[in-house]
Amino acid sequence: MSGIQQAIKERILVLDGAMGTMLQRYNFSEEDFRGERFKDFPHSLKGNNDLLSLTQPKAIRDVHYQYFAAGADIVETNTFSGTTIGMADYHMEHLVYELNYESARIAREVADEFTAKEPHKPRFVAGSIGPTNRTASMSPDVNDPGYRAVTFDDLLIAYKEQVKALIAGGCDLLLVETIFDTLNAKAALFAIEELKDELGLDIPVMVSGTITDASGRTLSGQTVEAFLISISHLPLLSVGFNCALGADQLKPYLKRLAHNTSFSISAHPNAGLPNAFGQYDQTAEEMQVLIKEYLDDNLINIIGGCCGTTPEHIRLIAEVSAQYEPRKSEIAV
């Protein structure tokens, strides 16, 4: 498990771009999502991207391949919603272990293929652990502020099943990402720590929060500094931010993070802000210019893309990142 620990000291690591953006290009129909195995499933499955690891594995493999070919060091598994809580929307809770295991296995195969071709640049697989669609620290009912749609224990059980499968499928590290409610993330991190003890292994963990708007806070109200304090008791590979904002808007929050932590820092921003149709217009060249500012300011150790980014974005990000040394923390450990 020490491979990525060594790599992050030697160079800026490049994370992949958006899985959803790439899958949209396939324009999969309801029948495509179902495949032969789920053709008679009684509920609609279109939009369940995680399921494509079972019904369209070639497409998932191809996306990973394109990102590695573009220069990514790390790809994320196709498991952003891969918990029983996330899969409940599709009545597929029973498939969670298989979905995560197969997603990790597909990514592992592609990573190993590239590592074999370029042993000097080993490739890594990050198990993607999303936030679920329920918050543990806020009520979804404005008329009942004390109500919670999920408990910490519910989340702990759900995340533990996901993490166990991701590890079994061959992940090198785990990425708890797009955190809008830190209590959800703490359940995921607790599940990871429990499994590390039970399995007797030490798998590196990345944590990536989401600043939702210009207030500089997460959806559950934490500032950058409060978010950092909430998770700093753990031995993390990195801490950072992704999603919601483009590279330009995200920069001030990465600066605040850099001034306050000795952890390595990650960022995978969106390709700008969405337009009126929800599309992302920022070109790879435009994003490269903004990422260069991160590098000039010694802000990052891991860089990639979130919504709207493609292999072309990652190729240009990898190109400019190769010219810089990884961030050195100015804070004593």
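The values are calculated or read from the model by the stated rules, or taken from the named source; none is laboratory data. It should be emphasised that the depicted structure is a prediction, and the values quoted were computed from it without experimental measurement. No Cβ is skipped: glycine too gets one built from the backbone with ideal geometry, and neighbour counts run over all protein chains shown. SASA here: full protein model, heavy atoms, side chains in, ligands and nucleic acids out. Shrake-Rupley method; radii C 1.70, N 1.55, O 1.52, S 1.80 Å.
Per-structure values
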| read-out | value |
| --- | --- |
| Descending semi-axes in whole angstrom, ellipsoid equivalent of the stretch 217-256, from the Cα gyration tensor | 18, 13, 9 |
| DSSP-defined antiparallel bridges as percent of all bridges, the stretch 139-260, nearest 5 | 10 percent |
| Largest-first principal axis extents of the Cα set of the chain (Å) | 55, 50, 49 |
| The chain - mean residue ellipticity at 222 nm from DSSP helices (-39,500 (n - 2.57) per run, n ≥ 4, rounded to 500) | -13000 deg cm²/dmol |
| Most mobile listed residue (Gly272, Gly221, Gly146) in the chain, GNM with C-alpha springs under 10 Å | Gly146 |
| Fluctuation leader among Thr178, Thr83, Thr223 - the chain, Gaussian network, Cα springs under 10 angstrom | Thr223 |
| The stretch 260-333: relative contact order in percent, alpha carbon pairs under 8 Å with at least 6 residues between | 43 percent |
| For Gly82, distant residues with modelled amide H under 5 Å away | Gly130 |
| All-pairs alpha carbon distance profile, the stretch 1-128, 5 Å steps from 0, percent | 2, 11, 20, 22, 17, 12, 8, 5, 2, 1, 0 |
| Carbon + sulfur, % of accessible area of the chain - ligands and nucleic acids excluded, 1.4 Å | 52 percent |
| Square roots of five times the Cα gyration tensor eigenvalues for the stretch 132-260, Å | 24, 21, 12 |
| Distance histogram for the stretch 101-185 (every C-alpha pair counted, 5 angstrom bins, percent rounded to whole numbers) | 3, 14, 18, 17, 14, 11, 8, 6, 4, 2, 1, 0 |
| Dipole magnitude (debye, nearest 20) for the chain, charges at Cβ of Lys, Arg, Asp, Glu | 380 debye |
| Percentage relative contact order, the stretch 181-333, counting C-alpha pairs under 8 Å, at least six apart | 20 percent |
| Within the stretch 8-64, GluC sites (Glu not before Pro) in DSSP loop having at most 10 other beta-carbon neighbours inside 10 Å | Glu36 |
| Cα Rg over Rh - the stretch 137-204, Kirkwood | 1.07 |
| Most mobile of Arg134, Arg108, Arg37 in a GNM of the chain (Cα contacts under 10 Å) | Arg37 |
| Positive-end residue of Asn301, Ala168, Val150, charge dipole of the chain with Cβ unit charges | Asn301 |
| The chain: relative contact order in percent, alpha carbon pairs under 8 Å with at least 6 residues between | 20 percent |
